[in-house]
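Engineer: Just passing along the structure, written as structure tokens.
The values are calculated or read from the model by the stated rules, or taken from the named source; none is laboratory data. Since we're looking at a predicted model, the values are computed, not measured. Note that each Cβ is placed from the backbone with ideal geometry, even for glycine, and that neighbours are counted across all protein chains shown. For accessibility, only protein heavy atoms count, side chains too; no ligands or nucleic acids. Shrake-Rupley method; radii C 1.70, N 1.55, O 1.52, S 1.80 Å.
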Amino acid sequence: LRYPFFTTKDARFENVLRRMNSFYLSSAQRYSKYAKKSLVRKTRSNSQRVSSALMNYNISYCDENYICVVVDITGFDKDMPFGARFAHTWSVQSSMILPASHFIKTDRKSISQIRTIILEHVRKNRKNVSFGYYGDCEKRLIRAFDIRNFCILPKGFAFFIDPGILCDTSYGPSVFLLPKEILSTIMKVKIKKTDERASMPVYKTSGAAAAD
């Protein structure tokens, strides 16, 4: 497994990137240790068993205040695929991961509002077979929705459900983009309007393989 190494030419980001690089190195090491102990051991005991484990990192949003990193874990054990998505929004000022409550209201009414909007997306999407939704996807969404599973994008907030919940794992995570205009009454921070990837002050490069 390889972990990302984040760099910058802007001194304002040096402290948070130092913390981020240490955090994602440790995460990759923990996952690598799991893969070696669990998946590799099973493969060695059965020469016909094939296993794989991957971690992918992307910056979904970055400005002078926040850096949002999306982490996708994918793989398969024999013929059973698995996957999970995580997202961490870092404060440039404090070098800490911030909770959802920093960005949006998380009272019961606000969470219900977000869940209702996403549920409408699910009802619409299930009519399209290309999404591969299960017949009980609406109930699955209600059970699985977690306000903490979000990432920031220039257009708004993307809430996601792990692979294998609304549809087969092979489809990947189910992602629902809610534009900031829709969430304007419950947003607590300003999200920049334009995608600034071309001039992003933080860059991701591939680090070395994670060692135990």
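Engineer: Can you give me the three principal axis dimensions of region 108-158 from its C-alpha atoms, in Å, biggest first?
Structural biologist: Cα extents, longest axis first: 28, 26, 15 Å.
Engineer: Let me ask something additional. Using the Karplus curve 6.51 cos²θ - 1.76 cosθ + 1.60 with θ = phi - 60°, work out ³J(HN,Hα) for each residue of region 120-128 in order, rounded to whole Hz, and write x for Gly and Pro.
Structural biologist: Couplings: 5, 5, 5, 4, 6, 5, 5, 6, 9 Hz.
Engineer: How large a share of the accessible area of region 52-154, in percent, is made up of carbon and sulfur atoms when the probe is 1.4 Å and the other protein chains stay in place?
Structural biologist: Exposed carbon and sulfur together represent 53 percent of the surface.
Engineer: If you don't mind, another one. Would you mind calculating the gained length between GLU138 and PHE23 on full extension (0.36 nm times residue separation, minus the Cα-Cα distance), in nm to one decimal?
Structural biologist: In short, 37.9 nm is gained.
Engineer: Still on this structure, I have one more. Cα-Cα over 32 Å: which of LYS124/LYS190; LYS37/LYS155; LYS9/LYS155; LYS105/LYS139; LYS109/LYS155?
Structural biologist: LYS37/LYS155
Engineer: Let me know the charge dipole size of region 120-176 about its Cα centre in debye, to the nearest 20, where only the beta-carbon of Lys, Arg (+1) and Asp, Glu (-1) is charged.
Structural biologist: 180
Engineer: Show TYR34, TYR57 ordered by accessible area, largest first, where the area counts protein heavy atoms only and the probe is 1.4 Å.
Structural biologist: TYR34, TYR57
Engineer: Sticking with this structure for a sec: Peptides 145-152, 120-127: what's the order by average Cβ count within 10 Å, highest mean first?
Structural biologist: Going by the mean number of other Cβ atoms within 10 Å, highest first, we get 145-152, 120-127.
Engineer: Would you mind checking which residues have amide H under 5 Å from VAL92's amide H? H placed 1.01 Å from N; only 5 or more apart, or other chain.
Structural biologist: Placed amide hydrogens put TYR66, ILE67 under 5 Å from VAL92.
Engineer: Beyond 24 Å, what share of the Cα-Cα pairs of region 89-186 is found? Please give it as a whole percent.
Structural biologist: For region 89-186, the share of Cα pairs beyond 24 Å comes to 25 percent.
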